[in-house]
1. Find the residue count for segment 263-305, including only residues that are hydrophobic (A, V, I, L, M, F, W, C), more than 8 Å from the ligand (Cβ to nearest atom) and farther than 12 Å from Tyr227 by Cβ.
2. Could you identify the single residue in Gly466, Gly472 that is more than 25 Å from Ser82 (Cα to Cα), surrounded by 18 or more Cβ atoms within 10 Å (Cβ to Cβ) and without any contact (Cβ under 8 Å) to a residue 60 or more places away in the chain?
3. Consider Thr120 carefully, then state whether it is under 29 Å from Met508 (Cβ atoms) and buried (at least 17 other Cβ atoms within 10 Å of the Cβ).
4. Quick one: in segment 253-263, of everything that is open to solvent by 10 Å² or more (accessible area, probe 1.4 Å) and out of contact with any Ser or Thr (no Cβ under 8 Å at 6 or more places or on another chain), which residue is farthest from Gly222 (Cα to Cα)?
5. Are any residues in segment 199-255 assigned to a helix (DSSP H, G or I), free of Cβ contacts under 8 Å to residues at least 60 places away in the same chain and more than 19 Å from the chain's Cα centre (by Cα), and if so, which ones?
6. What's the number of the only condition in (1) touching a residue at least 40 places away in the same chain (Cβ under 8 Å); (2) surrounded by 12 or more Cβ atoms within 10 Å (Cβ to Cβ) that Leu525 fails to meet?
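The values are calculated or read from the model by the stated rules, or taken from the named source; none is laboratory data. What you see is a predicted model; the values in this text were computed from it and never measured. Neighbour counts are summed over all protein chains in view; Cβ atoms, including those assigned to glycine, are modelled from backbone coordinates with ideal geometry. Surface areas here come from the heavy atoms of the whole protein model, side chains and all, with no ligands, DNA or RNA. Shrake-Rupley method; radii C 1.70, N 1.55, O 1.52, S 1.80 Å.
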Amino acid sequence: MSQPFAKVHPKDAKLALAHIYVAMFALALGGLAGLLQTLVRSGRLVLPANIGYYQVLTVHGVLLGLVLTTFFIYGFQHAAVSRTSGTYSDRSRLLGWIGFWVMLLGTAMAAVMILLNEATVLYTFYAPLQAHWIFYLGLTFVVVGSWVGGAAMIAQYISWRKKHRGQPSPLLTFMVVINTVLWIVATLGVAGTVLFQLLPWSLGLVDRVDVLVSRTLFWYFGHPLVYFWLLPAYMAWYVIIPKIIGGKIFSDSLARLSFVLFLLFSIPVGFHHQLVEPGIDPFWKFLQVVLTFMVVIPSLMTAFSLFATFEMHGRSKGARGLFGWFKKLPWGDARFSVPFIGMVAFIPAGAGGLINASNQMNQVVHNSIWVTGHFHLTLATSVVLTFFAISYWLVPHLTGRVLTKAMNKLAIIQAIVWTVGMAIMSGAMHAAGLLGAPRRSSYSTYGDAPQALDWIPYQIAQAIGGTILFIGIILILYIFINLAFFAPKGEEEFPVGEGAEAAEKTPMVLENWRIWLTVLAALILIAYTVPFMEMLQNGPIGSKGYKLW
Ligand code: HAS
């Protein structure tokens, strides 16, 4: 794999950094809201000025689940494309900036409405919860802005391919393009429900919405959303980590194939979030459960590939036996050890996902706080720890500074604090969920239930874990501010791994978009057309004067 562009151009660095600053601001506010809501939930705190549990929960979910992730991912992806496919053209950079400002405007509109308690609708904003129309318009801006920013990355990829006909594109750029296409196709669903249902409804133009249709459109988007979060972490695991440990990427082709499989199978699976909902024929739920198990395969391929990379590297350093490679890894380097913790966490996290997806077991865990535990392990541990680790080299690379030994040490301490806090909090959530504790309910709403007494120790554990996590947030913000503004000037590497010499040549079919986009469209049509038509025919749309189209 050729690496002609060792450094991100300062103008592209500015674009990437702008996104990362917003992400870190969201982390600070969203983290504080997280601490508050876990204390309120456990009955330990009553907030002043009538600020309610659901309002802080909305702030927490929207800022961390939607704003932190989207802005961080876009910042990382812009930098990754510029680093591996070359400095942005003026047109691409302009698109990147337009996308950024439109997303920021939309975020500000949504945030103001949430803070005014006019959009206390949680991060999933399901009907029949209704928000102010400015909130929905803000969300539309975020989505449209992300399409414009995504167009910048795709334009760079197209231009690279035109200049290098017949060659596979740089792996990192290819991965970014897959994730961006995944995002664009997925957000069509959320744009559909917001523009055609929620916005007209909040403006009073129609007096009702079909809740099942809106939830279906949301989950058409919602599941690929989780892979949109995961894939940048996988980019780091596949491409960055091998370079940091001094090894090679096990197989460029396998990495590309797993990303193609994510694109194909992450979208037609939204029904696995709706398994207990009426109005969807069990056959279609079953079909999407099968497709959900298909999307597990690229994660298993990733696990295989990572073990192979570690083992190859270990053996090249003289390691022997089944686990000899373990000792050869650079444990003192936060750029490696922090995401490694994320990988280890992803083993139980993924197992929890398989439980959720298993039709019958879903009946036990659905709408219990187990699900909250699941996404605090997947998103808030595996993915977020990897994002933190990316920022340890990316931020100084972009600001022209270096990760000092002291900050490296603090980064490892941060990861330990995070792991302890999350193990306590997420572990307690999983356990309480199995005892039937509901998600999204505060102590004041279920405190009188006879079972609530059984949940109390777990609620306290969650509050303890949440408090430790808040210390973790203070630490990461301290490190970030240091790396952005105060660390010594210098050159920090943007590490990009190379393929192993013995690996097969990458087949060009993996970049044949005509094939993959056709298969993707076919899978979506197969999984959704009939059940969606049934919803439209059997649901309330069309009655009472409300027309969707
Ligand atoms: Fe999930 C609900 C199924 C992965 C996030 N999920 C959620 C929600 C969120 C979320 C936010 O089927 C809640 C939504 C809401 O608000 O209602 N999830 C799955 C499945 C997977 C999965 C099958 N989820 C994720 C990821 C997320 C995420 C990733 C965020 C980033 N999830 C569900 C289902 C529900 C659900 C149902 C609905 C539940 C309900 O009823 O509401 C799979 O993709 C997981 C596959 C993962 C693996 C693990 C591979 C391991 C690797 C690590 C290798 C480690 C190494 C280090 C090499 C098979 C790659 C080893 C070193 C050593 C020393 C050991």
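1. Keep residues of segment 263-305 that are hydrophobic (A, V, I, L, M, F, W, C), which gives 263-265, 267, 269, 271, 275-276, 280, 283-284, 286-287, 289-291, 293-297, 300-301, 303-304.
From the residues that got through so far, the ones that are more than 8 Å from the ligand (Cβ to nearest atom) too are 263-265, 267, 271, 280, 283-284, 286-287, 290-291, 294, 297, 301, 304.
From the residues that got through so far, the ones that are farther than 12 Å from Tyr227 by Cβ too are 271, 280, 283-284, 286-287, 290-291, 294, 297, 301, 304.
Count: 12.
2. Gly472
3. No.
4. Within segment 253-263, the subset open to solvent by 10 Å² or more (accessible area, probe 1.4 Å) is 253-254, 257, 261.
Applying the additional criterion that residues be out of contact with any Ser or Thr (no Cβ under 8 Å at 6 or more places or on another chain) yields 257, 261.
Numbers: Leu257: 23, Leu261: 18 Å.
Checking each candidate, the answer is Leu257.
5. Within segment 199-255, Pro200, Leu254 qualify.
6. Of the numbered conditions (1) touching a residue at least 40 places away in the same chain (Cβ under 8 Å); (2) surrounded by 12 or more Cβ atoms within 10 Å (Cβ to Cβ), the odd one out for Leu525 is (1).
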